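Take a look at the structure set out below.
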Amino acid sequence: MIVVLAGGTGGAKLARGLLDVVGGDGLVVVANTADDIEVHGVHVSPDPDLVSLWLADLIDARGYGLRGDTWAVMDGLEALGRPAWFRLGDRDLALCLVRTELLRAGRRPTEAQAEVTRGLGLEARVLPMSDDPVRTQVRTRGRWLPFQEFMILAGPGAPVEDVDLRGVDAARPTPEVLAAVGEAEAIVVGPSNPVISIGPILAVPGMRAALAEARAPVIAVSPFVDGRAVKGPTDAFVAHAGLEPGAGAVAEAYRGLLDGLVADEPVSGLPGLETDTLMDSPAARRRVAEETLAFARSLRR
């Protein structure tokens, strides 16, 4: 079994490549839930759903949402003068309605996400990092915003002044996450934003200890290609954390956890695999997945 820690698109792409290599019954993805939001009367879990849609080959060309979705509900809300800044396609909204119904019935987020992934026809498991609520807040221009408001409403180039993970001190990894980490053959930290995508997963008390005690090697794949993030706000958040974009930032962000690092540049201080990490096609995703797994299997704890 291969365990992947994932947040945004990079981690989801790698998980999709690994699915081709190990199959659904051999893959578990631990996904960031600190970006979750309650909006339009439903509980939205963007990162677990992003991973699930990539695994199900249903991702839209935009890089998020369901391919071929329609927008009747959002159009209706806007016509009624309701805010629709967080846009959910009609079928995407249906997934969130299922999740919300289960949560309100007392089911755990892990159980609710399992229903969503089963509904998409997946064998691979997508596990929330915790069943406890954690919410990323970003301070910009002197005020705190929930992560989704920062990303969508603050505007391009909004400065990152501080980051706070509300509720993380009271959170714990789920039994499913701890069991997967303990049973894994390899643990891969996906090429997601190390500060706001992987950072919340590692900040859950007990998660770093579980990774440190795992029998499987822990390796990371750098999210930087030619010294820059492929997409999203990774560069801004890494700069806020006082890190220089590149393999060194990844090694520093995960200090004490890694047995190896995959990057498109030389790695110092720990075993490294230098390879092209751009995953812009199914063939590239499979190649990076195969090379990453072979590298992991060459390492011993």
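The numbers here are math on the coordinates, done by the rules we state, and not lab data. Just so we're clear, the structure is a prediction, and the values are computed from it rather than from any experiment. Glycine also receives a Cβ, built like all others from the backbone with ideal geometry; neighbour counts cover every protein chain displayed.
Averaging the sequence gap over all C-alpha pairs within less than 8 Å and six or more residues apart, then dividing by the number of residues, gives the chain a relative contact order of 20 percent.
Rounded to 0.05, the FRET efficiency of the VAL39 and ARG300 pair, given R0 = 45 Å and the Cβ-Cβ distance, is 0.45.
Annotation: amide H-H contacts under 5 Å for GLU265 (H modelled 1.01 Å from N, sequence separation of 5 or more, or interchain): THR275.
Among ALA284, ALA216, ALA247, the largest mean-square fluctuation in a Gaussian network model of the chain, built with springs joining Cα atoms closer than 10 Å, belongs to ALA284.
The label-point distance for ARG141 and ALA283, in a model that sets each label 7 Å from Cα toward Cβ, rounds to 4.6 nm. From the Cα gyration tensor of the stretch 1-120, with a ≥ b ≥ c the square roots of its eigenvalues, which class applies: rounded if a/c is under 1.5, or else prolate if a/b is larger than b/c, or else oblate? Verdict is prolate for the stretch 1-120. Remark: the stretch 74-80, residue by residue, has Karplus-estimated 3J(HN,Hα) of 5, 4, x, 4, 5, 5, 8 Hz, where x stands for each Gly or Pro and the curve is 6.51 cos²θ - 1.76 cosθ + 1.60 at θ = phi - 60°. Summed over all non-identical Cα pairs, the Kirkwood treatment of the stretch 145-236 gives a radius of 15.1 Å.
Note: relative contact order over the stretch 1-63, using C-alpha pairs below 8 Å and six or more positions apart, is 38 percent.
Across the stretch 136-293, the mean sequence separation of Cα contacts (distance under 8 Å, 6 or more residues apart), normalised by length, yields a relative contact order of 17 percent. For the chain, a Gaussian network of Cα nodes joined below 10 Å ranks THR136, THR70, THR33 by mean-square fluctuation, and the top entry is THR70.
Classification of the stretch 133-195 by its C-alpha gyration tensor yields a prolate form. The axis ratio a/c (a ≥ b ≥ c) is 1.5 or more, and a/b outweighs b/c. Between rounded, prolate and oblate, where does the stretch 198-271 land on the alpha carbon gyration tensor, with a ≥ b ≥ c its root eigenvalues, rounded for a/c under 1.5, else prolate if a/b exceeds b/c? Judged from the Cα gyration tensor, the stretch 198-271 comes out oblate (a/c at least 1.5, b/c at or above a/b).
Listed peptides 267-275, 21-29, 108-116, 49-57 appear in the order 49-57, 108-116, 21-29, 267-275 once ranked by packing, highest mean of other Cβ atoms within 10 Å at the front. Candidates ALA56, ALA84, GLY26 compared by Cα position along the dipole of the stretch 3-108: farthest toward the positive end lies GLY26, with charges placed on Cβ. Spin-label pair GLU290-ARG91: with each label point 7 Å from Cα along the Cα-Cβ axis, the two points sit 3.0 nm from one another.
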